[in-house]
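A.B. asks: Got a structure for you, written out below as structure tokens; questions coming shortly.
Please treat every number below as a calculation from the coordinates, not as lab data. All of these numbers come straight from a predicted model, not from anything done at the bench. Quick reminder, even Gly has a Cβ in these numbers, built from the backbone with ideal geometry, and neighbours come from all protein chains shown.
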Amino acid sequence: MQKKSILITGGAGFIGSHVVRLFTKKYPDYKIVNLDKLTYAGNLENLKDIENLPNYAFEKCDICDAEKVAKIFENHNIDSVIHLAAESHVDRSIEDPLCFARTNVLGTLTLLNAAKNFWKGDFNGRLFYHISTDEVYGSLNNDGSFFTETTRYTPHSPYSASKASSDHFVRAFHDTYGMPTIVTNCSNNYGPYQFPEKLIPLFINNIRKSKPLPVYGKGENIRDWLFVEDHARAIDMIFHNGKIAET
Ligand SMILES: NC(=O)c1ccc[n+]([C@@H]2O[C@H](COP(=O)([O-])OP(=O)(O)OC[C@H]3O[C@@H](n4cnc5c(N)ncnc54)[C@H](O)[C@@H]3O)[C@@H](O)[C@H]2O)c1
């Protein structure tokens, strides 16, 4: 197994913490660097069980801080990125769209630039893997159809518009500079360590407190659900076997 030094952004968040746990435990020869700003959504308690593993390091950093991000690439000799850091809650994006543009668009671009500058055109053994959302494809029809990787982008919320924009930048870095990139657009995740503002934990807590269950519109929206540990395993598989430049 080739040794790797992987930067996982947003590793203190919900999905990121499962990815960090899986990679640190499964690949003791890999160095896993968790870069996270620790916003309201990030919690190092999610990683208590692995924080002392010798192949794990934590860097508190904003992905928009170009200077600090560049130093982290250098200090850890980063050869791969699994990018999960984002503002991720649709309701918050409606309140504060600029914050979503800053982190999800400018932050992703800052990371891409840092990778490009550090790898200096030598992309052998390198990968920038961007985790996005199926919300870039808009709404599902009620006819049993699914989104596919060729579905047209139709984002509706500031959150999904910001993620759509970041997907385009990732592909542009492949097409323009030849950077090896992969994008995945998963559906809603559920499972341990999810922040209680999200639908399933919110509903469970409201049911326990006999509070109303808030549903968008008339409750006709369709959602697909993915267990977060299955998603982490998919990320592992795609990281090692995914086709470059594909979705
Ligand atoms: N949760 C889902 O159902 C779902 C579905 C599809 C796609 N996604 C995508 O997966 C990724 C992870 O989602 P999640 O649910 O784990 O999110 P989350 O909100 O639980 O965690 C996000 C993490 O990113 C960190 N972060 C936020 N802004 C940052 C910044 N500027 N610099 C550095 N770190 C920052 C936070 O501190 C937090 O630890 C996101 O990119 C999201 O768009 C999530």
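A.B. asks: Compute the distance in nm between two label points, each set 7 Å from the Cα along the Cα-to-Cβ direction, one at Y153 and one at K68.
C.D. replies: Once both label points are built, they end up 2.8 nm from each other.
A.B. asks: Shifting gears a bit: For the peptides 218-231, 103-116, 172-185, 38-51, what is the packing order when you average, over each peptide's residues, the other Cβ atoms within 10 Å and list the highest mean first?
C.D. replies: 103-116, 172-185, 38-51, 218-231
A.B. asks: Highest first, please rank the peptides 6-15, 203-212 by the mean number of other Cβ atoms sitting within 10 Å of their residues.
C.D. replies: Highest mean packing first, the order is 6-15, 203-212.
A.B. asks: Quick check: Cα centre of segment 201-247 to Cα centre of segment 61-91, how many Å?
C.D. replies: 23
A.B. asks: Still on this model: Looking only at Cα atoms, what is the convex hull volume of segment 121-240 per residue, in Å³?
C.D. replies: Cα convex hull per residue, to the nearest whole number: 135 Å³.
A.B. asks: Where in the chain are the DSSP H helices whose alpha-carbon span along the long axis reaches 24 Å or more and whose Kyte-Doolittle mean is at least -1.0?
C.D. replies: Helices meeting the span and hydropathy rule in the chain are 158-177.
A.B. asks: Largest first, please: the extent of the C-alpha atoms of segment 91-187 along each principal axis, to the nearest Å.
C.D. replies: Principal extents (Cα only, largest first): 46, 31, 18 Å.
A.B. asks: Rule-of-thumb check for the chain: C-alpha Rg over 2.2 N^0.38 Å?
C.D. replies: Cα-based Rg divided by the globular estimate yields 0.99.
A.B. asks: Under the 0.36 nm per residue contour assumption, what length would be gained going from the current alpha-carbon distance of R233 and R102 to full extension?
C.D. replies: Residue separation times 0.36 nm, minus the Cα-Cα distance, leaves 44.2 nm.
A.B. asks: Of M179, T151, I222, whose Cα points farthest to the positive end of the dipole of the chain (charges on the beta-carbon: +1 Lys, Arg; -1 Asp, Glu; origin at the Cα centre)?
C.D. replies: Checking the options against the dipole of the chain, the answer is M179.
A.B. asks: Report the antiparallel proportion of the DSSP beta bridges in the chain as a percent, rounded to a multiple of 5.
C.D. replies: 0
A.B. asks: Among the listed pairs K25/K68; K25/K209; K120/K198; K60/K211; K116/K198, which are separated by more than 31 Å between their Cα atoms?
C.D. replies: Pairs exceeding 31 Å: K25/K209; K120/K198; K60/K211; K116/K198.
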